2 protein chains.
Amino acid sequence: MALITPRTPAGTMELLPRRQVTFQRMLDTIRRNYERFGFIPLETPVFEVADVLLSKSGGETEKQVYFVQSTGAIEQGHKPDLAMRFDLTVPTARYVAQYERELAFPFRRYQMQRVYRGERAQKGRYREFYQCDIDVIGKDSLPVAYDAEMPAVIYSVFTELNVGPFQINFNNRKILLGMFEALGVTDPGIRILVLRQVDKLDKLSREDVLNLLTADGIALSGEQAASVLDMIGFSGSSADTLAHLDRLGLDNDLFKEGVEELRQVVAALIAFGVPETHWRINLAIARGLDYYTGTVYETFLTDHRSLGSVCSGGRYENLAGLYTKSKLPGVGISIGLTRLFYALEQAGIVKDGDSSVQALVTQFDPSLLNDYLAIGAALRQGGVNTEIYLSPDKPAKQFKYADKAGIRYAVIMGSDEKAKGEVLVKDMVAGTQEAVKLGELVGWFKGAIG
Amino acid sequence: MALITPRTPAGTMELLPRRQVTFQRMLDTIRRNYERFGFIPLETPVFEVADVLLSKSGGETEKQVYFVQSTGAIEQGHKPDLAMRFDLTVPTARYVAQYERELAFPFRRYQMQRVYRGERAQKGRYREFYQCDIDVIGKDSLPVAYDAEMPAVIYSVFTELNVGPFQINFNNRKILLGMFEALGVTDPGIRILVLRQVDKLDKLSREDVLNLLTADGIALSGEQAASVLDMIGFSGSSADTLAHLDRLGLDNDLFKEGVEELRQVVAALIAFGVPETHWRINLAIARGLDYYTGTVYETFLTDHRSLGSVCSGGRYENLAGLYTKSKLPGVGISIGLTRLFYALEQAGIVKDGDSSVQALVTQFDPSLLNDYLAIGAALRQGGVNTEIYLSPDKPAKQFKYADKAGIRYAVIMGSDEKAKGEVLVKDMVAGTQEAVKLGELVGWFKGAIG
């Protein structure tokens, strides 16, 4: 029989073991922090009833949704009635609406699952990727203090992920909307274009950006353009930025509301103990102009700004209006871990991990197999992830295995060591080895692996 | 706009928060034990190239596979070329063949992911369910000692899952095959029917089972039927069972090989330290008659035998013959956690968990918000999963929330407590409360939650 070439569909996620361990540790770190901050786990099915998932008219094609059909349904010529989730927000909205009466509000959930997009196959396009989301969802109302909790979580997660310096940027969309209202810029499309140009203040001079804002296509007046740059081009400490906003003194209710919310977020963020080295108000960020209604967040790795935002989110007015009449305001953030992982690998920031196996008990002398089994059992009992090498191969082959698998410590015992009641522990990375008494072996590992 | 009824497709997995926490803890326990025994994580994509996944001819319809297609592909009238995994074995076989040169052998992986079957919607049928698998895969050969490791893992997992008494049953299929050869029972269909009837020895008398074996449809001779019952109807300690097999003295190589392997597994299992109270040789179990070739396992909950086997597996000759010429023998087990979870819930063995949130810092006096944020930060820093209630609701509403959410401990501080440098910790379950000094709060929680 001809062999079938083993392969995976383009754009899906699969890793070799040591990369998988690294990825798994990142997932674990994120989850641990989410739980630490009092979020509870949620998992939803990978596919949903198509009509429920795709209730927003016209979004299907754009989202490149994957449809699902069983063999039987295809044979009967049915149209697919199941579709795979393309994000975690819609399933969460559906979940909250469905179980509204059973849930305690504020409902704080974390969800870390893969999502699916029927993208064309090309480099950097993922058809399957992890999202790691948290949201706090209130019933009827949700105080703005919750908006300050999100940067506290981001700070904690990214500090523990240990991926170098980062900065959380946040803003309040009411400030932008109020400003546009006050300046008479009413067209939503123009507003988006304006924000996109202002974002270039990093790279271009003020004059160049002014020219872009007054050119065809946007066509702000010179006065409007200058006002926009004066207002949202400002950069400084949070206290300076709030003072700047007060000085502007725009006579617009939305603007004032936004400034007041921003002030509360800053105050709470300081009380949460998040150092200002790691966050700033950035009046230029907007996160798209329809879903979010208040605070918005982006997070940048200082040394890898080109990766774009690695953790984003914001405040929204009403999560589940398609499914329930209840008003469910919320605030949340999302980490696109697959994209982040590949980018961090490429940048050399994350590397293949050691194996999750911490000790390899080798088989030096097959007649001592029962001793090796007992040593392995004791290590496992002591909380050390332990593999016992059960094939009577030559020691060199066993060490080569440990090396390839990324297992750092090999435990060796021949009859000499047995007579002395000890083993040798070989450090495969350092290339050293030391004798350890059997009764002290678990303690030795506790010290070595922390 | 009309509301859309929020709902999930029949047979998919979704849980309310406190059930989700319980489920998550079971997943974590299984994973911790798998890692403790030196298995490394693997995740594969939820869908595979259809031709790769469905390479075994004719299996598609039977397996009720789900096919996947993007919006674009449907519009162009393409046939689906992607299919969702229906188990974890085929993706693992594909993975090992695909990355053979990069992997270290024996390759020991655990995989805990959802699998999909296009079942008809009916009670007890799952279209989406978790499997939690481990396998050890050798290159060319794999010593039988690895077969003894599996019951050691099962013992460890089910002890920690804490779901009451259980017993691991194992056998060696070579013994059954050798016996059938020796007795001249050659038809594979008849062999299956015979084993199914022998299984009834629990409930029926020996005579009744003899009658079943000699009746139309199976039609063994009286002598054959009696021999089968004599051989595999035996029940006793492992030593007694091995002695019984020796006494039979069947002149069949396969039989002898099976007995020898069984003897080795028993010896290693004792050396692994698995108490014989939790395992036994059961000569009647077979696990289907084609995939497995040697040791086979089933696990039963002693007080809930009707659930059937809750953890099964076995030894196979060659994992990935469809994808590679390399011979890859292995041994593995699988826990169908979704089915197990629902069954354990129904039997009252697992219950809704406490929330994963361990402390709720309540807001007794809004003017002390910054104190609450600082207390929350300190608890989180100390490793306590902590939610801070940020809405200035009445205390009764906050306690009601803690109660509904299943959060056991509420932390309360008014100005009196603040003046004394302490908080009150209210135990929502016991209904008691005690004063704890601020500096001792983390320690108090460490003691309370272990």
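Nothing in this text is a laboratory measurement; each read-out follows from the coordinates by a stated rule. Computed from a predicted model, the values in this text were never measured in an experiment. All Cβ positions, even for glycine, are placed from backbone atoms using ideal geometry, and neighbour counts span all protein chains on display.
Points worth noting:
- Under 28 Å of direct C-alpha separation, and excluding same-chain neighbours fewer than eight residues apart, A:Lys446 reaches these lysines: A:Lys351, A:Lys397, A:Lys400, A:Lys404, A:Lys418, A:Lys420, A:Lys426, A:Lys437, B:Lys446.
- Top positive-direction residue, dipole computed over the protein assembly as shown with Cβ charges, set A:Gly382, B:Tyr292, A:Tyr110: B:Tyr292
- Residue by residue, the stretch A:320-327 carries 3J(HN,Hα) couplings of 10, x, 6, 10, 8, 7, 5, 8 Hz when phi is fed to the Karplus relation 6.51 cos²θ - 1.76 cosθ + 1.60 (θ = phi - 60°); x denotes Gly or Pro.
- Rounded to 10°, Cα long-axis angle of helix A:253-271 versus longest principal axis of chain A: 30 degrees
- Taking a straight Cα-Cα cut-off under 17 Å and skipping sequence neighbours fewer than 8 places away in the same chain, the lysines within cross-link reach of A:Lys79 are B:Lys79.
- When chain B is treated as a Gaussian network with alpha carbon springs shorter than 10 Å, the biggest mean-square fluctuation among B:Asp230, B:Asp216, B:Asp208 belongs to B:Asp216.
- Candidate lysines - alpha carbon under 29 Å from A:Lys203, same-chain residues fewer than 8 apart omitted: A:Lys123, A:Lys174
- Cα-based shape type of the stretch A:359-449, given that a ≥ b ≥ c are square roots of the gyration tensor eigenvalues and the cut on a/c is 1.5: rounded
- Cα shape, the stretch B:252-325, gyration tensor, a/c 1.5 rule: oblate
- When A:Arg85, A:Arg18 are sorted by how many other C-beta atoms sit within 10 angstrom of their C-beta, beginning with the fewest, the order is A:Arg18, A:Arg85.
- Each Lys and Arg contributes +1 and each Asp and Glu -1, all at the Cβ; summed about the Cα centre of chain B, the dipole is approximately 1020 debye.
- Rounded to 10°, Cα long-axis angle of helix B:89-98 versus longest principal axis of chain B: 90 degrees
- Calculated on C-alpha atoms, the gyration radius of the protein assembly as shown divided by its Kirkwood radius gives an Rg/Rh of 1.01.
- FRET efficiency, 1/(1 + (r/R0)^6) with R0 35 Å, evaluated for B:Asn318 and B:Ala219 via beta carbons: 0.55
- 7 Å along Cα→Cβ, label-point gaps from A:Leu307 to other copies, nm, shortest first: 4.2
- Max mean-square fluctuation residue, GNM over chain B, Cα-Cα springs under 10 Å, options B:Phe170, B:Phe234, B:Phe341: B:Phe234
- Remark: the A:Tyr291-A:Thr277 segment gains 2.1 nm on full extension, using 0.36 nm per residue and subtracting the alpha carbon distance.
- For chain B, the longest site-free run once GluC sites (Glu not before Pro) in DSSP loop states with at most 14 other Cβ atoms within 10 Å are removed: B:103-316
- The calculated FRET efficiency for B:Leu204 paired with B:Leu16, based on their beta-carbon distance and R0 = 30 Å, is about 0.10.
- The protein assembly as shown, dipole about Cα centre (Lys/Arg Cβ +1, Asp/Glu Cβ -1), debye to the nearest 20: 200 debye
- Since only B:Val68, B:Leu183, B:Tyr316 are under comparison, the one whose Cα sits farthest along the positive direction of the charge dipole of chain B, derived from C-beta charges on Lys, Arg, Asp and Glu, is B:Val68.
- Residue with peak Gaussian network fluctuation, chain A [Cα springs, cutoff 10 Å], from A:Ala50, A:Ala225, A:Ala405: A:Ala405
- Relative to the other identical copies, A:Gly236 shows label-point distances of 9.3 nm, where the label point lies 7 Å from Cα along the Cβ direction and values run shortest first.
- Pseudo-label separations to other copies for B:Arg125 - Cα-to-Cβ vector, 7 Å, nm: 3.6
- Shape class for the stretch B:192-231, computed from the alpha carbon gyration tensor (a ≥ b ≥ c): rounded, with a/c under 1.5.
- Calculated FRET efficiency, A:Arg196 to B:Arg196, Cβ-Cβ distance, R0 = 51 Å: about 0.15 to the nearest 0.05.
- Dipole in debye (nearest 20) - the stretch B:359-449, about Cα centre, beta carbon charges: Lys, Arg +1; Asp, Glu -1: 200 debye
- Packing-based exposure ordering (other Cβ within 10 Å, fewest first) of B:Arg380, A:Arg280, B:Arg408, A:Arg94: A:Arg280, B:Arg408, B:Arg380, A:Arg94
- For A:Glu422, the residues 5 or more places off, or on other chains, whose built amide H falls under 5 Å of its own are A:Leu438.
- Taking every alpha-carbon pair within chain A, the share separated by more than 42 Å comes to 33 percent.
- Using alpha-carbon coordinates, inclination of helix A:17-36 to the longest axis of chain A, degrees: 60 degrees
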